[in-house]
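S.K.: Structure below; questions to follow.
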């Protein structure tokens, strides 16, 4: 039981890490209907900017600010030079363009900041919390708890921003209905640039967390792959959905990795570990069969 | 301005033409299938940086191999099998005249090239990776898993642990944590045999590619509470494992990685967590090796270095690239002894050289490569040549060698290769060479 | 002038329903076939066959398969590479397990196996659409590749999981040279491409397009969605499966499950987007573009860097390749979102009048 709890908690906490990446997808999809595959590459770019600036001698806080500036500028440039020119194209074309963007970033970032893997030290040692370890013999990572706190902060900040600021409300209006938003005088392109800036910020937070966890390197782009099933379960358009989806995926994936392979081994013989690659997707698929628009997604009604 | 550029252009063209003419005077061509981008790009940069730098070094220092200038062409494979084939086919025609061995540095690409290299008579070196049963040269005449193989390495690591436990592994528990691909799966057979022999308990735990999330695996390890973890990772999986071990409080000095899980690229991103972590290697890190220091002086002094970032010189993978190039050049020297000094060697001739390598410690000392390689002696039925490794430990800033040469259990492992090679020959319907006649 | 349809009268239904109703198209196709079957084998070298032409044809076939599903039936899929893997491993196993089975038969069986699995993973398309479906097809991508690694029976218990394909022997003749392999692949691809061309204008193809354009409307006019969608998945997977078998047998010679990665699926998707969604010709143009562009950049960039005397390290040149590749993809999407096939269509329209202005 104690082991089960340990797995569950560690799963939930790594789910938060997935959710951090998924948030960036949600923000952009909600506001502009673009499924931004480059989000993973943006996480990489953000983390690399921080590490690169620190290598040049900047302290952590300055590096983060500089990275934020870089990400915002990059987001705005993307909107201006790529997506604005693709307005009214089918979603798949936009999706493809973001894959092209991912390639672009994957080529550009190492040229600017170098490609060797680096450590990113946020000053949090990733060790089991001693008190819990002693009392219940349970491993809970300090770092993961901090990450969960950061995610909570980010979601709260985003929620407040969307709820109470003028720009935030405009963003929600755009997300609801482009046409209507335009007709009441919300400058659409302006808004999209802001969304890409915010998505860049989300990528920065995810990049900091993932970079500190596994090192700053190319493989950060793979974080996007874990975020996709999170999106399906949570729905492409819901911020709380991303968090809930992340928790569900994280926990079930870890539990499955521990408890499923032995079952399969007794059925077929052989070694069946390493199911984390596909399990979240299959789980997401089953969710879809029950709720085709995701847990928190908006119900879509077709009219002919 | 325009005129200037034109004259520069004509100069460039005439230089190109001149070098074309020089090709008629003896030149040894090297097809270099390198990769510098993608998830493993950082590893490739160090390895191929070292490889190419040594080729430049031989040109600058000794004016080529016995006067034969070395030329090379690089092609970016992106660690992708299909791209690797394209690169190989592109260079094939050039390599038909004279060629150094190909080093794909990718198990997948080497598998895809096995049959092609035989047909085209181009030798392929797989230094510490690739198709391991190619140790049996009677079935694989053109493929050379030089220095040592995954199976021999696994066996040597077990021997190291056994010595650490004062000769007894009985009743111990060892977890094998591996990248779920051809690379990670190869050693399992060897470890199972070793487990039977040494009566330790072996648990194998796979990690799905790319391995950037290993929470579940390490919790399982925590539950198993093994005495040691033998670890076969590549790329991001390495740092993640080290960090994840710290996360559950598993002591890093009980983890022994393979030689692809033991470079600065793996430990530096893990930060302090990597302190104490051990891995296999056959080459030391650092610039104390005379050859490495000399390369930096000669090649980078002449401004012909291949690396953009010179801080990589002397890293594990850089030095390993140099060691791979040393093997190639020595094979060509050997071939020249038989087929004519001062001549460019064809693939067939180089193949002979690789099959008759005999690099002693004295020779290594002569070229300043002591500690870059173990002694190597290849033959038709042993394309591996050594089977020895050292164990190194990360002290927080650099790799420190903590053992002497350790050889895997040849009597146990080599028959496995033989059997696997025989099965391959049967599937392909080919008759192996008779090694007795090759002497 | 060159492409004038005026004056070509059809006097029978058969003439009106033929595959290429316009005379110029028929002549063009015949010339094209003559060139690829007769001229190219005589002039191209080994490099062109084994590094460019064979993979080009194989990826065209895979792109064609995806185009049937995505371009005609409107179901976005990100799992094409996995279906290729099914084809490759199935063909290998049919050859291995059934004594004396002709290789072409095992290719067909491999296609059918892929089709069966395609139907299975197509089932969710009955409930879900768009990007949700796309991400769901990723389940196929990861799950299939995982299965191929985990069931050692499928790779005949090879310790590494890598399979080496059996020799290609058809009617006692061994296809070993790149040229022979090219002709074999070309024949298969040509037949399947013509079949696809025929299929998409049949009632099946029209049903697919109706579903693509609006499935609710399609079902209102009496198209049964389930068989139509599943058929699209089956046919598409069949094409991908055969492409996978060819990829293993005629191109690489030895494959591992990890080779059929998500990256490859994306590449195939790129091909149809750049080439033209919903166009047979586009699948070929897109495959050519996506395959040739990196090769071109790989050759041109280091050359340009040397010529201009730019102090780029090899690593930087490699990174610039990726950057330029990404930039060109975006550029093409912006300039011609309907793909290269659309450019060809525009050319044809221009040729109708050319050289006269009106």
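The values are calculated or read from the model by the stated rules, or taken from the named source; none is laboratory data. Just so it is clear, the model here is predicted, and its values are computed rather than measured. Note that each Cβ is placed from the backbone with ideal geometry, even for glycine, and that neighbours are counted across all protein chains shown.
S.K.: Pick from C:57, C:32, C:38: which is within 14 Å of chain B (Cβ to nearest Cβ) and modelled with pLDDT of 85 or more?
M.R.: C:57
S.K.: Follow-up question, since we're still on this one. Can you say whether residue C:102 is touching a strand residue (DSSP E or B) at 6+ places or on another chain (Cβ under 8 Å), surrounded by fewer than 24 Cβ atoms within 10 Å (Cβ to Cβ) and at pLDDT below 95, as far as the supplied structure shows?
M.R.: So residue C:102 fits the description; yes.
S.K.: Quick check on residue A:181: is it buried (at least 17 other Cβ atoms within 10 Å of the Cβ), over 23 Å from the mean Cα position of the chain (by Cα) and assigned to a helix (DSSP H, G or I)?
M.R.: Spelling it out, residue A:181 is indeed buried (at least 17 other Cβ atoms within 10 Å of the Cβ), over 23 Å from the mean Cα position of the chain (by Cα) and assigned to a helix (DSSP H, G or I).
S.K.: I'd like the residue in segment B:66-82 that is out of contact with any strand residue (DSSP E or B) (no Cβ under 6 Å at 6 or more places or on another chain) and within 14 Å of residue B:344 (Cβ to Cβ) and, out of all such residues, is farthest from the other protein chains (Cβ to nearest Cβ).
M.R.: This residue is B:66.
S.K.: In addition: If you scan segment B:149-187, which residues turn out to be under 24 Å from residue B:383 (Cβ atoms), modelled with pLDDT under 90 and touching a strand residue (DSSP E or B) at 6+ places or on another chain (Cβ under 6 Å)?
M.R.: B:184 - this is the single residue of segment B:149-187 that is under 24 Å from residue B:383 (Cβ atoms), modelled with pLDDT under 90 and touching a strand residue (DSSP E or B) at 6+ places or on another chain (Cβ under 6 Å).
S.K.: Follow-up question, since we're still on this one. Considering only segment C:313-345, state which residues are outside any helix (DSSP H, G or I), touching a helix residue (DSSP H, G or I) at 6+ places or on another chain (Cβ under 7 Å) and more than 9 Å from chain A (Cβ to nearest Cβ).
M.R.: C:336, C:339
Residue-wise test of (1) under 16 Å from the mean Cα position of the chain (by Cα); (2) under 30 Å from residue A:35 (Cα atoms); (3) in contact (Cβ under 8 Å) with a residue 60 or more places away in the chain; (4) not in a helix (DSSP H, G or I).
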{"position": "C:10", "(1), (2), (3), (4)": "no, no, no, yes"}
{"position": "C:14", "(1), (2), (3), (4)": "no, no, no, no"}
{"position": "C:33", "(1), (2), (3), (4)": "no, no, yes, no"}
{"position": "C:39", "(1), (2), (3), (4)": "no, no, no, no"}
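S.K.: Going by what's in this entry, would residue A:260 be described as outside any loop (DSSP other than H, G, I, E, B) and either more than 9 Å from chain C (Cβ to nearest Cβ) or surrounded by fewer than 19 Cβ atoms within 10 Å (Cβ to Cβ) (or both)?
M.R.: Criteria met by residue A:260.
S.K.: Is it true that residue A:47 is under 30 Å from residue C:267 (Cβ atoms), more than 14 Å from chain C (Cβ to nearest Cβ) and part of a helix (DSSP H, G or I)?
M.R.: Answer is yes for this residue.
S.K.: Moving on to the next point. Mind checking which pairs have a first residue in segment B:248-268 that is within 10 Å of another protein chain (Cβ to nearest Cβ) and free of Cβ contacts under 8 Å to residues at least 24 places away in the same chain and a second that is in a strand (DSSP E or B) and surrounded by 24 or more Cβ atoms within 10 Å (Cβ to Cβ), Cβ under 7 Å, 6 or more apart or different chains?
M.R.: Pairs that qualify, where the first residue is within 10 Å of another protein chain (Cβ to nearest Cβ) and free of Cβ contacts under 8 Å to residues at least 24 places away in the same chain and the partner is in a strand (DSSP E or B) and surrounded by 24 or more Cβ atoms within 10 Å (Cβ to Cβ), are B:268/A:118.
S.K.: Could you pull out the residue among A:153, A:133, A:108 that is more than 10 Å from every other protein chain (Cβ to nearest Cβ), assigned to a helix (DSSP H, G or I) and either more than 30 Å from residue C:67 (Cβ to Cβ) or modelled with pLDDT of 90 or more (or both)?
M.R.: A:153
S.K.: How many residues are modelled with pLDDT under 70 and at the interface with chain C (Cβ under 10 Å from one of its Cβ atoms) if we restrict to segment A:287-300?
M.R.: Here the count works out to 2.
S.K.: Now for a separate question. Would you check if there is a residue in segment B:26-38 being out of contact with any strand residue (DSSP E or B) (no Cβ under 9 Å at 6 or more places or on another chain), crowded, with 21+ Cβ neighbours inside 10 Å, under 21 Å from residue B:316 (Cα atoms) and at pLDDT below 90?
M.R.: yes
S.K.: Another question, if that's okay. How about segment B:83-122: which of its residues are without any contact (Cβ under 8 Å) to a residue 24 or more places away in the chain and more than 8 Å from every other protein chain (Cβ to nearest Cβ)?
M.R.: Hit for segment B:83-122 is B:119, nothing else.
S.K.: Assess whether residue B:299 counts as being farther than 30 Å from residue C:309 by Cα, in contact with a helix residue (DSSP H, G or I) (Cβ under 9 Å, 6 or more places away or on another chain) and buried (at least 21 other Cβ atoms within 10 Å of the Cβ).
M.R.: Spelling it out, it is not the case that residue B:299 is farther than 30 Å from residue C:309 by Cα, in contact with a helix residue (DSSP H, G or I) (Cβ under 9 Å, 6 or more places away or on another chain) and buried (at least 21 other Cβ atoms within 10 Å of the Cβ).
S.K.: Filtering segment B:219-242 down to residues that are surrounded by fewer than 24 Cβ atoms within 10 Å (Cβ to Cβ) and either within 10 Å of chain A (Cβ to nearest Cβ) or out of contact with any strand residue (DSSP E or B) (no Cβ under 7 Å at 6 or more places or on another chain) (or both), which residue is farthest from residue A:258 (Cα to Cα)?
M.R.: B:225
S.K.: Just a yes or no: is a residue in segment B:123-136 more than 30 Å from residue B:28 (Cα to Cα), within 14 Å of chain C (Cβ to nearest Cβ) and within 18 Å of the chain's Cα centre (by Cα)? Spell out how you get there, then give the answer.
M.R.: Of segment B:123-136, the ones more than 30 Å from residue B:28 (Cα to Cα) are none.
No, that holds for no residue.
S.K.: I need the full set of residues from segment B:315-344 which are in contact with a helix residue (DSSP H, G or I) (Cβ under 8 Å, 6 or more places away or on another chain), surrounded by fewer than 23 Cβ atoms within 10 Å (Cβ to Cβ) and outside any helix (DSSP H, G or I), in order please.
M.R.: If the condition is that a residue be in contact with a helix residue (DSSP H, G or I) (Cβ under 8 Å, 6 or more places away or on another chain), surrounded by fewer than 23 Cβ atoms within 10 Å (Cβ to Cβ) and outside any helix (DSSP H, G or I), then B:342, B:343 are the ones that fit.
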